[in-house]
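The values are calculated or read from the model by the stated rules, or taken from the named source; none is laboratory data. No experiment lies behind these values; they were computed from the predicted model shown. Cβ: placed from backbone, ideal geometry, glycine included. Neighbour counts: every protein chain shown.
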Amino acid sequence: MGKTVLYNLVNMTIEERIEQLRNQLHQYNHAYYNEDRSEISDFEFDQLLKELQALEKAHPEYQDPSSPTQRVGGSVTKNFPTLVHAERMYSLDNTYSPEELENWIKRIEKIHGASIQDFTCELKFDGASINMTYVNGRLQKAVTRGDGTQGDEVTANVKTIKNVPLKLQGDYPPQFDIRGEIILPLEGFKQLNEKRLAAGEEAYRNPRNTASGSLKLQDSSETAQRPLQCFFYALAGDLPYTTHWESLTKARSWGFTIPESMQQVSSFEQMLAYIKHWGEQREALPFEIDGIVIKVNDINIQSQLGFTAKSPRWAISYKFKAEQVSTRLNDVSYQVGRTGAITPVANLEPVLLSGTIVKRASLHNADQIEKLNLRIGDHVYVEKGGEIIPKIMGFDPENRGELGASIRYITHCPDCAAPLERIPGEAQHYCVNDTQCPPQLIGKIQHFVSRKAMDIDGIGGETIALLFQQGLIQNIADLYRTEKEQLLPLERMAEKSVNNLLAGVEASKKQPFAKVLFGLGIRHVGETVAKRLAQHFGSMMALSQATQEELLEVEDIGEKIVASLHAYFASSAHQKMIQDLTNFGLSMEAQVQEQASNKLTGKTIVVSGVFEKLSRNELKKTIEDNGGKVGSSISSKTTFVVAGASMGPAKKEKADRLNIPLISEDDFLKIL
Ligand code: AMP
Ligand code: ZN
C-alpha cells in the first residue's frame, strides 16, 4: 500500500521511529555495559524501551530478532533444539602447582622447538560456557557447550542477558563465533535465594549451577529476571588476527565484554605473579572463579601445538584448589621397591575424581599414616594435586570405620617376612633382606635393563618377572647366563623374541662403566652420582675400596651416599656378583673417551636456548666429557652461559646482573 503513517508530530514514519529507538537503546546499552558510562537515567531508558515495546506490539510487521526488546524475554521454548558446534568446544587441562605449570611450558616449548614467551592470563570464570554465532553483526544463535560437539540452542534466553550485544559496532567480520562464560554474580545469587526461601522454595546450591539452569528456563522472561552476565574469552573460526590478545581487543571494540583482568605476560615469573594476585583477590570479586587460564598468545603457535583428544595443548588452567571427593578406605597394602623401600598404599572404593576413576592413594610412609590416624572403613577425603597418584587428606568424622580397625604400620616385609628397618633421619622403612626378597630382586633386574641404565632391548618388566618366577634369574649376573634352550619353552617366548633378548643382553656388555654402576641400583646412587663416581674413581675396583674421606671429596657426594656405598660393597653377595659381571665382560673401568679433556674442569656451565650444531643434550654431554659441570640455573657459581637462540630475557637479565659471560655455541666449540 506504501502508506506513510506519521508518527507524532515529527515527520517520521513508524518504521523510522522504531529504528531510531532501537539504535538509541543499543547505544545506551553499549555505553553502559562496555564503556561504564550512563548516558541516560534508568527511568528514561525504561520509557524508551516501553515505547518501543508498544510500537512493536502494534506493528508486528517490523519485528526484529535483534531488537533491544528481546532482552525482556517473553518467548516460551518447550524443547531446546540440539545443534552441532562448527568448532568443537574443548575442556582445559588442569595444573595445581607452579612445577606443573612450568612442566607444561617445557612440554609445549619442546613441541614448538623454541622457547615461548608470549602468553595471556585470564580469570577462569565459574559458570556455563556458551558459543554465540554472529552474522552481519547480529546475534544469530547461542548454543551451550553440551558434550563439546553439540549443545542446546538457548538463544532466546541468552538475548535477555544485558551485556550480550545483540547488534555489533565497528569493523566486525561478516560471520564468526565467540565464546564466553555466563555467570550469576554472588549478590544476584543471594537475592534470588532470599526470594526463593521467602516463597517457601528450596535454595539453589551454587551460582554456577544456577547460571546454567537459568539458560534452560522455558520462559525467557524468567531468565530476564536473573542478573546474569557473560564474559567473553575466545573467538573461533578462520579470522585474520595474529594473536589471541589482538582478537579479543577487537571483540571488545565491537561491543563484547572482555574482562579487564586479562593480561599479557612474557615470563613464567609474571604468570606466577598473576596467579598470586588473583589467588589473593578472588574472595573480593563479585563472582566466582575457580582458577586462572593461561594461553599461548600467538595464533600460529596455537595451531602448531593443536589439541589432544580433550583439550588444547596451547592453553592450561591453573586451579586454586584441587578437587576433593570422599570414598571408603577398604584396606592398606604395602609395596616393596627395588631398594627395599616400603610404600603404603590405600585401597579405596573406586570413585570418580577429576575425570578419572581412583582406586588407590599413596600413604607415603609410617609418619604420614600416624598423622592421618585412619581406620579401615573410614570415609576419607581424596584429592588429586600435582601427583599422578592421589592423596588422602583426612577422614570424615561422621563416617568412621570401627574403633578396633586402626591402621598399624607393618613390622615385617609383606613379601619375604624379613623385619623392616628404618634408618635414622629417613622417612621410609626398608626390607633389609636385599639379597632374597623377591620384589627387590625383580625390581633390581628391571632397573638394570631400563633405558637410563643398561638399556637392554627386547626384555621388559614382565619378562623379567616371568624369568624370575621360573627360577631362571636371581640377580643381574644371571641375565648373562641365560641360554636359548631355557627360554624357548616359556610362554610368549617365540624364537624371534628370544633372539632379540639374547642379542640385547650381549650388546649391553658394551655399555660404559657409569651405566653399569647406575644399573647396580645402589641406594641413593642415581644417574648423575654414578657418572660423577665413575669419572672420579675410574674403576669399580677403585670405587669399592675408596675410604669415606676419598668419597666425600667428590662433588655432590654426601654422607648418606657414602654410607650406602660402603654397605653395598661390604656384602659378599654383591662382591661375587660384581666379579661375575666382570667375568662376563661388562665395563668395570671408565673409558678414556669418557673424559675427552679436562679443559672445563672446575667450571660450572649453564646451557640456555636453542642451538644449531649440537642438541642441548649433546652440548651438556660435551661439557661433562671435558670435565665441566652442567648447572641447572644461572647463579653466582656459574662460570659462563652457552647461549643459543631465543634464550629467555629473564635469564639474560640475570646473567647480566651477576656479570656472567654469555658465550655462543661457536665460541664454545672453539674453546674445545
Ligand atoms: P573445564 O570445564 O574445567 O575443562 O574448563 C574449560 C571451561 O572453562 C571452558 O569450557 C569455559 O567454559 C571455562 N572458562 C572460564 N573462563 C575461561 C577463560 N578465560 N578461557 C577459557 N575457558 C574459560
Ligand atoms: Zn622383603
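Side notes on the structure shown:
- Residues of region 538-550 satisfying the condition of being buried (at least 17 other Cβ atoms within 10 Å of the Cβ) and without any contact (Cβ under 8 Å) to a residue 24 or more places away in the chain: 546
- Pairs with Cβ under 9 Å, 6+ apart, first in region 411-437 and within 14 Å of residue 341 (Cβ to Cβ) and β-branched (Val, Ile, Thr), second within 8 Å of ligand 2 (Cβ to nearest atom) and part of a loop (DSSP other than H, G, I, E, B): 432/340; 432/413; 432/418
- Some residue of region 25-46 being within 14 Å of residue 72 (Cβ to Cβ), exposed (fewer than 15 other Cβ atoms within 10 Å of the Cβ) and not assigned by TED's automatic domain parsing to the domain that holds residue 257: yes
- Long-range neighbours under 7 Å by Cβ, at least six apart or interchain, first residue closer than 21 Å to residue 167 by Cα within region 238-259, second part of a helix (DSSP H, G or I): 239/247; 255/30; 255/34; 257/33; 257/34; 258/248; 258/251; 258/252
- Any hit, region 593-612, residues being buried (at least 16 other Cβ atoms within 10 Å of the Cβ), part of a helix (DSSP H, G or I), of a type in the set (D, E, K, R) and at pLDDT 95 or above: no
- Number of positions in region 422-458 that are part of a strand (DSSP E or B) and assigned by TED's automatic domain parsing to the domain that holds residue 496: 0
- Residue within region 425-444 that is of a type in the set (Lys, Arg) and buried (at least 16 other Cβ atoms within 10 Å of the Cβ) present: yes
- Flag for residue 622 being under 37 Å from the mean Cα position of the chain (by Cα) and crowded, with 17+ Cβ neighbours inside 10 Å: yes
- Scanning region 58-103 for residues that are farther than 27 Å from residue 146 by Cα and of a type in the set (Phe, Trp, Tyr) yields one hit, 62.
- If you filter region 89-136 down to residues that are part of a loop (DSSP other than H, G, I, E, B) and within 16 Å of ligand 1 (Cβ to nearest atom), you find that the one that is surrounded by the most Cβ atoms within 10 Å (Cβ to Cβ) is 127.
- Close Cβ contacts (under 7 Å, 6 or more residues apart or on different chains) running from residues in region 479-508 that are part of a helix (DSSP H, G or I) to residues that are basic (Lys, Arg) comprise 498/484; 502/484.
- Pair list, Cβ under 9 Å, 6 or more apart: region 346-370 residue under 17 Å from residue 395 (Cβ atoms), other residue assigned to a helix (DSSP H, G or I) and not aromatic (Phe, Trp, Tyr): 362/368; 363/369; 363/372
- Taken over region 320-350, the criterion of being modelled with pLDDT of 90 or more, among the β-branched types (Val, Ile, Thr) and farther than 24 Å from residue 525 by Cα is satisfied by 327, 332, 345.
- Only one of the listed residues (397, 414, 344) is more than 16 Å from ligand 2 (Cβ to nearest atom) and outside any helix (DSSP H, G or I). That residue is 397.
- Among the residues of region 170-197, those that are within 17 Å of residue 257 (Cβ to Cβ) and either outside any loop (DSSP other than H, G, I, E, B) or among the small types (Gly, Ala, Ser) (or both) comprise 170, 176, 177, 178, 179, 180, 181, 182, 183, 188.
- The residues of region 417-468 that are among the charged types (D, E, K, R) and near ligand 2 (Cβ under 9 Å from one of its atoms) amount to a single one, 434.
- Yes/no for residue 144 being surrounded by 15 or more Cβ atoms within 10 Å (Cβ to Cβ) and either among the polar types (S, T, N, Q) or within 16 Å of ligand 1 (Cβ to nearest atom) (or both): yes
- Unmet requirement for residue 79, which otherwise passes all of (1) outside the structural domain of residue 226 (by TED's automatic domain parsing); (2) surrounded by 15 or more Cβ atoms within 10 Å (Cβ to Cβ); (3) not charged (D, E, K, R): (2)
- Looking across region 137-169 at every residue that is among the polar types (S, T, N, Q) and in a loop (DSSP other than H, G, I, E, B), the one that is nearest to the chain's Cα centre (by Cα) is identified as 149.
- Residue match in region 236-251 (condition: within 13 Å of ligand 1 (Cβ to nearest atom), over 21 Å from the mean Cα position of the chain (by Cα), under 29 Å from residue 168 (Cα atoms) and not in a helix (DSSP H, G or I)): yes
- Region 375-394, residues that are touching a strand residue (DSSP E or B) at 6+ places or on another chain (Cβ under 8 Å), closer than 16 Å to residue 358 by Cβ and either part of a loop (DSSP other than H, G, I, E, B) or within 16 Å of ligand 2 (Cβ to nearest atom) (or both): 378, 384, 385, 386, 387, 389, 390
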